[in-house]
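Written out below as structure tokens is the structure these notes cover.
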Amino acid sequence: MPQYHRSDRVDETRVGDRVVLYQRDRGTGIVLNPSGSWIWDALSEPKSPHDIVSDLLARYDGVAAEQVAGDVEQYLTSLEAQALVRRTE
């Protein structure tokens, strides 16, 4: 199962409950919403999408597991495409 971890080429800062990321190689920045910031924090250690989904389901009652799994997969793919996270097999 793939594991995701933060790129070592990204700087971060906090503004309230949001994380602002700066990708040094590309010179681009992104502001994460509170949920995205929570996922970023969770990636302080390598995690699988399954681990992240399980943690989110435990945190939020009444959300559909399939919806969370799809959202997490899409979010991680987006972060990977922006070189903010890396995936290892």
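Tabulated data for the structure shown
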{"read-out": "Meets criteria (among the β-branched types (Val, Ile, Thr), at negative phi and surrounded by fewer than 12 Cβ atoms within 10 Å (Cβ to Cβ)) for Thr88", "value": "yes"}
{"read-out": "Selection count where residues are under 17 Å from Leu32 (Cβ atoms) and either surrounded by 15 or more Cβ atoms within 10 Å (Cβ to Cβ) or touching an Asp or Glu at 6+ places or on another chain (Cβ under 9 Å) (or both), scope region 69-81", "value": "6"}
{"read-out": "Residue list for region 16-29, filter: of a type in the set (Val, Ile, Thr) and modelled with pLDDT of 95 or more", "value": "Val19, Val20"}
{"read-out": "Residue in region 50-65 that is in contact (Cβ under 8 Å) with a residue 24 or more places away in the chain and among the hydroxyl-bearing types (Ser, Thr, Tyr) present", "value": "no"}
{"read-out": "Selected residue [on the phi > 0 side of the Ramachandran plot and either modelled with pLDDT of 95 or more or under 12 Å from the mean Cα position of the chain (by Cα) (or both)] from Ala83, Ala42", "value": "Ala83"}
{"read-out": "Residue match in region 6-27 (condition: surrounded by 14 or more Cβ atoms within 10 Å (Cβ to Cβ), touching a residue at least 60 places away in the same chain (Cβ under 8 Å) and not in a strand (DSSP E or B))", "value": "yes"}
{"read-out": "Which numbered condition Gly70 misses (of (1) over 12 Å from the mean Cα position of the chain (by Cα); (2) not in a helix (DSSP H, G or I))", "value": "(2)"}
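The values are calculated or read from the model by the stated rules, or taken from the named source; none is laboratory data. Fair warning: this is a prediction, and the values are worked out from it, not measured in the lab. As a convention, Cβ positions derive from the backbone with ideal geometry for all residues, glycine included, and neighbour counts pool all protein chains shown.
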